[in-house]
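Below is one structure, written out as structure tokens; comments come after it.
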Amino acid sequence: MIKPYISVVIPVYNEEASLETLYHRLTTVMDSISKPYEIILTNDGSKDRSSQILAELHQRRPEQIRVIEFNGNFGQHMAIMAGFANVRGEIIITMDADLQNPPEEIPRFVEMMEKGHDVVGSYRMDRKDSAWRLLVSRLHNKFRTWIAPNLTMKDEGSMLRAYRRNIVDLMVNCDEASTFIPALAHTYAANPGELGIKHEAREAGKSNYNFYKLIRYNFDLVTGFSLAPLQWFTLIGMLVSLLSGLLVVYMLLRRVIVGPEADGLFTLFAFMYFLVGIGLMGLGIIGEYIGRIYQEIRKRPRYIIKNILQKKD
Ligand code: UDP
Ligand code: MG
């Protein structure tokens, strides 16, 4: 078997409707590059016919198409990570299975990599997603720029990206229980580049991210790449203590000058609720980090592979 030069890694979750088109468009583009390549598809516990279709695609091109079957749903980033752990190529391309990233853009990524970049990110021009999905993404990007300003990327949710093998190996060796691949790669990149790419409406099916999943996803990014929320909490705590200290002095002076007073009960309630709210939020933020520390020290497997369909070397 010839060693592949390019490895394409694709996470698949309930994508039965797009896999056939994906196969045709992707193999056409990859064949046109005329370099040896492989395509690794991770089935992330799909509940539809994706598994059968993937097995069939492997049959069609056993040399090039390899399928990793997960034992359950471990999430998009873990599906990509499992692909990373099994790549044989030098240049690794990630993309979504739903064809929102046109495979026809891949040659531009290969070209950029050959110019010497070790990571080539992307941003979606003229994005075709639902209005609320766009809004969540925009807020997410704003928030991320604010809390982790060293992650200089325009659009971390854009998953058509290219990585050099050494970067991929570093990510695999990271062994974190939860991660956010574009951000992780960025922390290792010596010479990152970025490309604007076309974006298409989903071929078929619907987005796998609901509001709750998107929020969890955001927490992965925030807690995984920044300690800023904890530091803000210390700052807010210090500010609140300072203000309460001033309030105590003021109240003592009033007590001496005006005498005892009992008005302002509801103002007091409002203050208390506000402070209790801040306190609870702080506990939540600490809890979020502690939960992740707990996850890490348990060292449970990040994902479980049921089987791999591939031609033996
Ligand atoms: N995906 C996955 N596991 C999941 C959710 C999604 O492997 O739990 C895959 C999905 O099949 C697709 C990619 O991740 O290839 C992006 O998912 P989706 O299109 O639903 O997200 P969106 O485009 O709305 O961000
Ligand atoms: Mg999508």
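Side notes on the structure shown:
- Cβ crowding within 10 Å, taken as a proxy for footprinting-reagent exposure, orders Phe269, Phe74 from fewest neighbours to most as Phe269, Phe74.
- Highest-first arrangement of 272-281, 124-133, where packing means the average Cβ count within 10 Å: 124-133, 272-281
- Radius of gyration over Kirkwood radius for the chain, both on Cα atoms: the Rg/Rh ratio is 1.12.
- Isotropic mean projected area of the C-alpha convex hull, the stretch 66-141 (nm²): 6.9
- With a threshold of 24 Å on the Cα-Cα distance, the over-threshold entries among Lys3/Lys206; Lys128/Lys154; Lys47/Lys142 are Lys3/Lys206; Lys47/Lys142.
- With one equal scatterer per alpha carbon and no solvent term, the Debye-computed log10 I(q)/I(0) for the stretch 216-295 at 0.17, 0.25 1/Å reads -0.79, -1.21.
- Take every DSSP beta bridge whose two residues both sit in the chain; close to 30 percent of them are antiparallel.
- For the stretch 187-313, with +1 on Lys and Arg beta carbons and -1 on Asp and Glu, the positive-most of Gly264, Leu243, Ile285 along the dipole: Ile285
- The stretch 160-262 - Rg and Dmax from Cα coordinates, angstrom: 24.9, 75
- Convex hull of Cα atoms in the stretch 19-100, direction-averaged projection (nm²): 5.4
- Rounded to the nearest Hz, the phi-derived 3J(HN,Hα) couplings of the stretch 253-269 under the Karplus curve 6.51 cos²θ - 1.76 cosθ + 1.60 (θ = phi - 60°) are 4, 4, 4, 6, 7, 8, x, x, 9, 10, 6, x, 4, 6, 4, 4, 4, where x marks glycine and proline.
- Percent breakdown of C-alpha pair distances by 5 Å bin, ordered from the shortest bin, for the stretch 208-254: 5, 18, 13, 12, 12, 10, 9, 7, 7, 5, 1, 0
- Share of alpha-carbon pairs per 5 Å distance bin for the stretch 71-229, given as whole %: 1, 8, 18, 22, 23, 17, 9, 1
- Cross-link partners of Lys299 among aspartates and glutamates (Cα-Cα below 14 Å; sequence separation of 8 or more within a chain): Asp175, Glu176
- Counting only DSSP H runs of at least 4 residues, each contributing -39500 (n - 2.57), and dividing by the residue count of the chain, the helix-based mean residue ellipticity at 222 nm comes to -17000 deg cm²/dmol.
- Calculated FRET value between Val258 and Glu288, using beta carbons and R₀ = 41 Å, to 0.05: 0.35
- With the highest mean first, a sort of the peptides 248-257, 167-176 on other beta-carbon atoms found within 10 angstrom per residue produces 167-176, 248-257.
- For peptides 135-141, 228-234, sequence by mean Cβ density within 10 Å, most packed first: 135-141, 228-234
- Size of charge dipole - the chain - debye, nearest 20, with Cβ of Lys, Arg +1 and Asp, Glu -1, no other charges: 320
- The stretch 182-230-the stretch 65-119 distance, computed between alpha-carbon centres (Å): 15
Computed from the coordinates by the stated procedures, all read-outs in this text should not be read as laboratory data. Everything numeric here is computed off the predicted structure, so don't read it as measured data. Every residue, glycine as well, gets a Cβ built from its backbone with ideal geometry; the counts of neighbours run over all protein chains shown.
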